[in-house]
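Here is the structure we will look at, set down as structure tokens.
Each value in this text was obtained by applying a stated rule to the coordinates, not by laboratory testing. Everything quoted here is computed from the prediction, not taken from an experiment. Glycine also receives a Cβ, built like all others from the backbone with ideal geometry; neighbour counts cover every protein chain displayed.
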């Protein structure tokens with residue numbers, strides 16, 4: 001029996017890596033002269049080399065299917081075979097003849113090779129004529145496999161389908177997809193497909209036929225698109241080129257319904273389809289940027305490179321609170337440096353009640369007003385079972401009872417006794433049955449609340465309805481997530497085992513020791529915000545209007561077509577204009593003696609409208625920076641560069657929100673609506 005060869009999966013070993021790194025040291029770091037194993041720097045090189053050695057071995061053990069899926073996630077996909085392009089020479093056959101475009105000429109072989117002329121040509125009676133011809137793709141029909149009855153199935157054709165260039169995006173280069181003989185049409189996305197709609201989506205970044213997925217929504221999982229029955233045969237028809245294997249050469253005779261023809265010149269020989277190594281190398285060289293959009297920056301890149309109706313774009317996966325300042329009542333010294341729980345009403349908050357351990361180890365509390373209109377409700381004293389240990393407290397309304405958590409039990413104010421957390425909050429998973437770090441809630445319509453339980457580095461949330469001193473699950477399912485992922489703007493310090501968490505007007509405030517941080521919740525099914533700015537006059541002399549800044553139907557259509565084929569399946573996108581913050585700029589200036597007051601005023605107004613322009617303004621001239629505040633100093637900076645202005649005596653900015661600063665959220669830009677310029681002698 002012949003022994004099978006074992007592949008060498010460790011072709012980049014530890015010692016060659018270390019030696020290569022040492023050889024690079026003299027040119028990169030001349031001052032590093034000790035290259036012996038006793039040097040700490042060499043120890044770090046060996047540590048890195050050992051890690052690379054292990055990673056290379058693991059990467060080389062990857063199966064072709066795993067490698068294909070990883071490259072597909074990056075949007076790196078091999079190119080299809082390229083057609084052959086030749087010049088065909090016709091010879092006269094005794095009578096002038098017009099050969100129309102699209103005439104097929106065949107190379108007589110066992111597997112015929114067909115060329116099509118690209119333009120009409122008139123062949124004289126006794127002379128010659130030439131025309132360019134391109135390889136005709138061959139029709140491929142194959143069975144991709146059988147359905148296993150699970151959502152989101154993918155089937156990859158054996159060859160990359162070819163589709164002709166078109167002005168509008170093509171839904172699918174595949175000409176036909178059938179499930180057990182029934183044809184299923186393509187869709188641009190599954191967003192509008194019902195659970196029984198027979199359809200498929202062509203993933204152009206990967207080259208897969210995709211059937212309806214199971215997508216999580218706030219109300220529970222929902223299937224988009226019909227599911228092929230288990231065992232159903234999936235067949236596909238498409239067109240593809242052969243590549244270089246069947247290429248023709250000069251002098252090859254062609255036959256067809258035309259005068260005698262021969263290949264005179266090969267303009268571009270056919271090229272075989274790429275393998276994964278060639279595709280990865282082409283992507284690494286920057287010759288073909290990945291077509292898959294994974295991060296927010298990837299979506300911005302796709303639109304910046306290919307969207308012609310958009311001047312600026314920003315894609316956000318989360319937004320910080322518009323006012324990141326923490327109320328004084330939630331920070332020391334208004335509250336103790338360390339708290340064990342905090343009670344702030346979810347609806348109509350008036351007071352913050354901070355709970356801490358006193359010198360005797362008992363739970364004490366401290367009231368701090370949030371507003372001057374709501375007096376304390378007299379329910380601040382913890383119940384008997386929470387006098388020595390209070391993990392968390394939840395207050396839904398200003399005049400309602402509180403839910404106290406201690407160990408594995410919780411109870412409402414005034415109840416006879418505590419109950420296990422699993423009985424009071426049905427459906428909560430086992431890790432949150434005891435010793436929660438904090439509990440918070442968001443209010444919805446009626447008596448509905450989204451309740452959050454925090455423990456260690458994760459949290460669990462679910463929708464509940466408050467009825468008769470009890471929280472009842474109200475539709476959907478609970479979700480367990482990591483704190484750092486769902487509250488992305490928290491520091492690592494506050495993202496693990498918080499002392500307390502409260503919500504105030506929809507903003508979450510995390511307590512950890514003397515620190516309090518504010519953030520917004522990013523739901524698991526949150527949509528990416530795609531903010532678009534249209535093309536605008538680059539040098540405006542008058543203020544812009546809301547109609548100029550609106551997102552047009554043409555922009556929506558173009559952006560939707562580009563991102564539908566690039567986004568990951570299940571990603572939700574929300575296209576909208578930025579949150580423009582209107583404001584007024586006031587300035588008092590002095591003009592040069594040789595400049596009239598009207599000229600100086602016009603020049604100053606022009607400079608301000610240009611400086612605060614959404615597309616061509618800002619310090620760099622590429623548009624006002626996203627989320628940047630406006631100060632009076634910005635007006636000074638814009639006017640100091642105006643030749644007609646001698647001196648800026650005074651400058652200020654005003655918005656409808658009051659104050660001398662125009663606050664701008666992460667998803668916002670500024671909009672200068674009024675320039676009030678006073679010119680003095």
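Between segment 45-85 and segment 330-346, what is the separation of their alpha carbon centroids in Å?
Each part's Cα centre sits 51 Å from the other's.
Taking 25 Å as R0, compute the FRET efficiency from the Cβ-Cβ separation of residue 110 and residue 257 and round it to 0.05.
0.70
Sort the following peptides by mean Cβ neighbour count (other Cβ atoms within 10 Å, averaged over residues), highest first: 57-68, 42-53, 379-390.
Per-residue Cβ counts within 10 Å, averaged per peptide and sorted highest first, yield 379-390, 42-53, 57-68.
For segment 426-483, what is the Kirkwood estimate of the hydrodynamic radius, computed as the reciprocal of the mean inverse distance between distinct Cα atoms, to one decimal in Å?
Evaluated on segment 426-483, it is 11.7 Å.
Expressed in whole Å with the largest first, what are the equivalent ellipsoid semi-axes of the chain derived from the C-alpha gyration tensor as the square root of 5 times each eigenvalue?
59, 40, 29
Based on the alpha-carbon set only, what is the convex hull volume of segment 614-681 divided per residue, in Å³?
Spread over its residues, the Cα hull of segment 614-681 gives 99 Å³ apiece.
Averaging over every viewing direction, what projected area does the convex hull of the Cα atoms of segment 139-240 cover, in nm²?
For segment 139-240, averaging the hull's shadow over all directions gives 6.8 nm².
Would you mind checking the tilt of helix 597-611 against the longest principal axis of the Cα atoms of the chain, expressed as 0 to 90 degrees and rounded to 10?
It works out to around 80 degrees.
Using label points projected 7 Å from each Cα along Cα→Cβ, tell me how many nm separate residue 130 and residue 180, to one decimal.
5.8 nm
What does the convex hull of the Cα atoms of segment 356-512 come to per residue, in Å³, rounded to a whole number?
Per residue, the Cα convex hull of segment 356-512 comes to 127 Å³.
Please give the helix 64-74 orientation as an angle from the longest Cα principal axis of the chain, in degrees from 0 to 90, rounded to the nearest 10.
Approximately 60 degrees, to the nearest 10.
Mind giving me the FRET efficiency for residue 170 and residue 628? R0 is 45 Å, r the Cβ-Cβ distance, nearest 0.05 is fine.
Here the calculated transfer efficiency is 0.65.
Taking 8 Å as the Cα distance limit and 6 or more residues as the minimum spacing, I'd like the relative contact order of segment 578-680 as a percentage.
50 percent
For a label point 7 angstrom out from the Cα of residue 323 toward its Cβ, which stretches of segment 626-655 have the backbone nitrogen within less than 18 Å?
Counting only backbone N, you get 629-630, 654-655.
How far is the Cα center of segment 254-286 from the Cα center of segment 579-606, in Å?
For segment 254-286 versus segment 579-606, the Cα centre distance is 63 Å.
Spin-label point model (7 Å from Cα, Cβ direction): what's the residue 338 to residue 470 distance in nm?
3.9 nm
Under 8 Å for C-alpha pairs, at least 6 residues apart: give me the relative contact order for the chain, rounded to a whole percent.
10 percent
Can you work out the FRET efficiency for the pair residue 515 and residue 139, with r the C-beta to C-beta distance and R0 = 56 Å, to the nearest 0.05?
Efficiency, rounded to the nearest 0.05: 0.25.
Need one number: nm distance between label points at residue 25 and residue 388, each 7 Å from Cα along Cα→Cβ, rounded to one decimal.
6.2 nm
Length gain on complete extension for the stretch residue 348 to residue 69, per 0.36 nm per residue less the alpha carbon to alpha carbon distance?
Once the chain is fully extended between residue 348 and residue 69, it gains 95.4 nm.
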